[in-house]
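Quick one: the structure is below, and I'll ask about it shortly.
The values are calculated or read from the model by the stated rules, or taken from the named source; none is laboratory data. All values reported here derive from a predicted model rather than from experimental measurement. Here the Cβ positions follow ideal geometry from the backbone for every residue, glycine too, while neighbour counts run over all protein chains shown.
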Amino acid sequence: MPAYATAVFDLDGTLLNTIEDLWISTNAALSAHGMPTHTLDDVRRFVGNGIRKLIERAVPVGTGAAEQDAVYEDFCAHYAAHCEDHTGPYPGIPELLANLRAAGVRLAVVSNKGDFAVQELVAQQFPGAFDAVLGENEAAGIRKKPAPDMVEAALERMCAPREGMAYIGDSEVDVQTAASVGCPCISCTWGFRSVDDLLAAGATTFVDSPAELERVLLGTAR
């Protein structure tokens with residue numbers, strides 16, 4: 001039997017390397033409004049709490065709400081058209097998911113990214129791999145991570161109990177999410193945050209590769 005019957009994954013920085021497309025779309029939206037652009041590392045620090053927060057962090061201090069909304073809309077339009085230009089799975093992720101599925105582990109994705117992009121990316125990059133896929137949908141009363149709502153909604157869709165579940169992510173938001181759910185958190189070191197960032201957030205369990213993550217989830221780690 002696997003060590004964990006259910007694995008709930010973050011998307012950006014955990015399963016998919018999306019940072020270049022996020023960076024390009026952020027700068028395209030800012031440029032359209034005559035605002036200064038950012039480096040890739042800037043945008044890496046901005047992501048994790050959803051598109052609204054990304055834009056709030058990216059626009060100049062003092063930008064009004066109406067103009068922030070306009071930048072947000074331009075980002076969404078650009079990202080919808082270009083979210084897969086430079087995006088793909090981290091090496092070893094497709095094999096990890098196939099092996100977990102073969103072992104009977106229930107699999108879900110929960111992401112603070114807009115649901116429109118999450119559904120498209122998962123359908124294109126990991127067809128048929130997941131039992132539940134949720135992007136940001138606060139309009140339906142499902143709060144973004146680190147609130148537990150998205151994970152709880154995924155468990156409900158899979159008819160899965162909280163017991164026997166692990167949450168896997170790459171950021172402080174993911175550490176906080178697992179804490180709010182009350183489940184083990186496994187932190188990936190290949191994502192958008194450094195090990196020091198994760199340690200400062202309270203992370204305690206780390207994996208350095210998808211192969212190592214597979215061994216932990218299946219209970220075959222030596």
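Which one is nearest to the chain's Cα centre (by Cα), of the residues in region 47-64 that are within 23 Å of Lys145 (Cα to Cα) and surrounded by fewer than 19 Cβ atoms within 10 Å (Cβ to Cβ)? Walk me through it before giving the result.
Quick first cut of region 47-64, residues within 23 Å of Lys145 (Cα to Cα) only: 47-59.
Then drop every residue that is not surrounded by fewer than 19 Cβ atoms within 10 Å (Cβ to Cβ), which leaves 49, 52-53, 56-57.
Numbers: Asn49: 9, Arg52: 15, Lys53: 14, Glu56: 18, Arg57: 18 Å.
If we take residues in region 47-64 being within 23 Å of Lys145 (Cα to Cα) and surrounded by fewer than 19 Cβ atoms within 10 Å (Cβ to Cβ), then Asn49 is nearest to the chain's Cα centre (by Cα).
Are any residues in region 14-42 touching a Phe, Trp or Tyr at 6+ places or on another chain (Cβ under 6 Å), buried (at least 24 other Cβ atoms within 10 Å of the Cβ) and under 30 Å from Pro94 (Cβ atoms), and if so, which ones?
Leu15, Ser25
For region 201-217, enumerate the residues that are crowded, with 18+ Cβ neighbours inside 10 Å, farther than 12 Å from Gly169 by Cα and among the aliphatic types (A, V, I, L, M).
Hits for region 201-217 are Val216, Leu217.
Please determine whether any residue of region 124-133 is surrounded by fewer than 16 Cβ atoms within 10 Å (Cβ to Cβ), more than 17 Å from Val47 (Cα to Cα) and of a type in the set (A, V, I, L, M, F, W, C). Explain how you work it out, then say what you get.
Just the residues of region 124-133 that are surrounded by fewer than 16 Cβ atoms within 10 Å (Cβ to Cβ), to begin with: 124, 127-128.
From what is left, the residues that are more than 17 Å from Val47 (Cα to Cα) are 124, 127-128.
Then keep just the ones that are of a type in the set (A, V, I, L, M, F, W, C); that gives none.
Within region 124-133, none of the residues are surrounded by fewer than 16 Cβ atoms within 10 Å (Cβ to Cβ), more than 17 Å from Val47 (Cα to Cα) and of a type in the set (A, V, I, L, M, F, W, C).
Per-residue answers, yes or no, for (1) of a type in the set (S, T, N, Q); (2) modelled with pLDDT of 95 or more; (3) not assigned by TED's automatic domain parsing to the domain that holds Ala103:
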site	(1), (2), (3)
Ala154	no, yes, no
Arg162	no, no, no
Thr177	yes, yes, no
Val181	no, yes, no
Gly191	no, yes, no
Leu199	no, yes, no
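Would you check which residues across region 80-111 are under 26 Å from His38 (Cα atoms), crowded, with 22+ Cβ neighbours inside 10 Å and modelled with pLDDT of 95 or more and list them?
Just the residues of region 80-111 that are under 26 Å from His38 (Cα atoms), to begin with: 80-90, 111.
Still in the list and also crowded, with 22+ Cβ neighbours inside 10 Å: 83, 111.
Matches in region 80-111: Ser111 only.
While we're on this one: If Asp12 satisfies every condition in (1) in the same structural domain as Glu163 (by TED's automatic domain parsing); (2) touching a helix residue (DSSP H, G or I) at 6+ places or on another chain (Cβ under 7 Å); (3) of a type outside the set (A, V, I, L, M) but one, which is the exception?
It fails just one condition, (2).
Now, a different point. I need the full set of residues from region 126-162 which are in a helix (DSSP H, G or I) and in contact (Cβ under 8 Å) with a residue 12 or more places away in the chain, in order please.
Looking only at region 126-162, we keep the residues that are in a helix (DSSP H, G or I), and these are 138-140, 149-158.
Within region 126-162, Met150, Val151, Glu152, Ala153, Ala154, Leu155, Arg157, Met158 qualify.
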